[in-house]
Protein chains: 2
Amino acid sequence: MEKLLNVRVAILTEEGFEEVELTSPKEALEKAGARVEIISTKTGKIKAWDKTNWGIEIKVDKALADVKIEDYDALVLPGGVMNPDKLRLNKDAVKFAGDFLMSGKPLAAICHGPQTLIETGMLEGRKMTSFPSLKTDLTNAGAKWADKEMVQDDNLITSRKPADLPAFNKALIGALTLQHHQ
Amino acid sequence: MEKLLNVRVAILTEEGFEEVELTSPKEALEKAGARVEIISTKTGKIKAWDKTNWGIEIKVDKALADVKIEDYDALVLPGGVMNPDKLRLNKDAVKFAGDFLMSGKPLAAICHGPQTLIETGMLEGRKMTSFPSLKTDLTNAGAKWADKEMVQDDNLITSRKPADLPAFNKALIGALTLQHHQ
């Protein structure tokens, strides 16, 4: 596989993200040559959630107020039940995600990550998956929900849970490779 | 205030309920003379969430499979971001909540508690409040959402967060008192 040199990916998250849903895509993207930055509503450190308890702390690279979508080639929204519950209440985070969705650049959301996308009001007709507890909310928001390890609808890539990470990472890197070499 | 003698209230919850959103209504109801039972999908003990970390463990009085709505005069759904995320995936829990909603008996849900009610498909036109992160999901489910400490729509009583508990408990006990003396 050719290296994703000069490819920059934003991971937008809040405290309580599911640890492996951030570390696994980050590692896979960096291994493919991309530069990954952790974006959150505030700088400093934020805590992961690791299955049944608090996990590692990670450093936020940049505050949302200091970045623009032109700085990045793709956006990743990790899950964790607490993270998007906070993120979806932040207007700037919702606008950032919505602008990314409209930009055509890859947007990959896993588990509870798609909750933030509900707030964009842009899910009408989009094919998606998510953690099963979001099925009704995504359907009510207009999405066409399917129980699959990975659903790709144009630039929107979604998965259900940590076990789907290999398919999720592969689809994201595939979309970036295609975009990078066009 | 006259005692709520012979009044039985079910609190339906899963691990990760917001501690005070269970203990506060329970205490207020018991002080008013009602008998309160903790119902969950399994018996044993379940852990509370207390603001930013795991809290107390409480004993489940009865498993959902062993109760029927005729056993209770009211239902309470506490919040906590993890509890209804699990509960809404359990068909029996959703049916129990839906049957209660249709029964006309008081159903009081706070914070993230109303998420379980989305799955009943019975929220069209119901006036409600909730933790603000649920506003869009409840609106998309047909509810008329308002940012108030307590919203009462016939038998449905909802509140936003722990700070609203005094208004929430008062409305629930008021509804039970009215029902009990008719």
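The values are calculated or read from the model by the stated rules, or taken from the named source; none is laboratory data. Keep in mind that this is a model prediction, so the values were computed, not measured. Glycine also receives a Cβ, built like all others from the backbone with ideal geometry; neighbour counts cover every protein chain displayed. Accessible surface areas use protein heavy atoms only, side chains included; no ligands, DNA or RNA. Shrake-Rupley method; radii C 1.70, N 1.55, O 1.52, S 1.80 Å.
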Sorting A:W54, A:W49 on solvent-accessible surface, 1.4 Å probe, most exposed first, gives A:W54, A:W49
Using the Cα centre as the reference, give the magnitude of the dipole from point charges on the C-beta atoms of the protein assembly as shown (Lys, Arg: +1; Asp, Glu: -1; all else neutral), rounded to the nearest 20 debye.
40 debye
Of all beta bridges DSSP finds with both residues in chain B, what is the antiparallel percent, to the nearest 5?
30 percent
Over chain A, calculate the relative contact order: mean separation of alpha carbon pairs under 8 Å at least 6 apart, over the residue count, as a percent.
20 percent
Please work out the Cα center distance from region A:104-182 to region B:2-78, rounded to the nearest Å.
36 Å
Inter-copy spacing of A:P162 label points, which lie 7 Å from Cα along Cα→Cβ, given in nm from shortest upward:
2.7
Keeping all protein chains in the complex and leaving out DNA, RNA and ligands, what accessible area do you get for A:S103 with a 1.4 Å probe, in Å² to the nearest 10?
50 Å²
Using a 1.4 Å probe over the heavy atoms of the protein chains, calculate the carbon and sulfur portion of the accessible area of the protein assembly as shown as a whole percent.
50 percent
Given only helices, namely DSSP H runs of n ≥ 4 each adding -39500 (n - 2.57), what is the per-residue ellipticity at 222 nm of chain B, to the nearest 500 deg cm²/dmol?
-9000 deg cm²/dmol
Among trypsin sites (Lys or Arg not before Pro) in region B:1-85, those in a DSSP loop whose Cβ has at most 14 other Cβ atoms within 10 Å are B:K3, B:K42, B:K51, B:K68
Interface size A-B, as summed buried accessible area [1.4 Å probe, Å², nearest 100]
1700 Å²
Given the whole protein assembly as supplied and a 1.4 Å probe, what does the accessible area of A:E30 come to in Å², nearest 10?
80 Å²
Kyte-Doolittle at least -0.5, axis length at least 30 Å by Cα - qualifying DSSP helices, chain B:
none
Distances in nm from A:D92 to the matching label points in the other copies, shortest first (labels 7 Å along Cα to Cβ)
4.7
Projected-area mean, region A:8-180, by convex hull of Cα positions, square nanometres
8.4 nm²
A:G104 label points, 7 Å along Cα→Cβ, one per copy: pairwise distances from this copy to the rest in nm, shortest first?
5.9
Any idea what the dipole of region B:8-180 comes to, in debye rounded to 20, about its Cα centre with Lys/Arg Cβ at +1 and Asp/Glu Cβ at -1?
80 debye
Per residue of A:81-89, how many C-beta atoms from partner chains lie within 10 Å of its own C-beta, taken as a mean?
4
Just the accessible area per residue of chain A, please: how many Å² with a 1.4 Å probe?
43 Å²
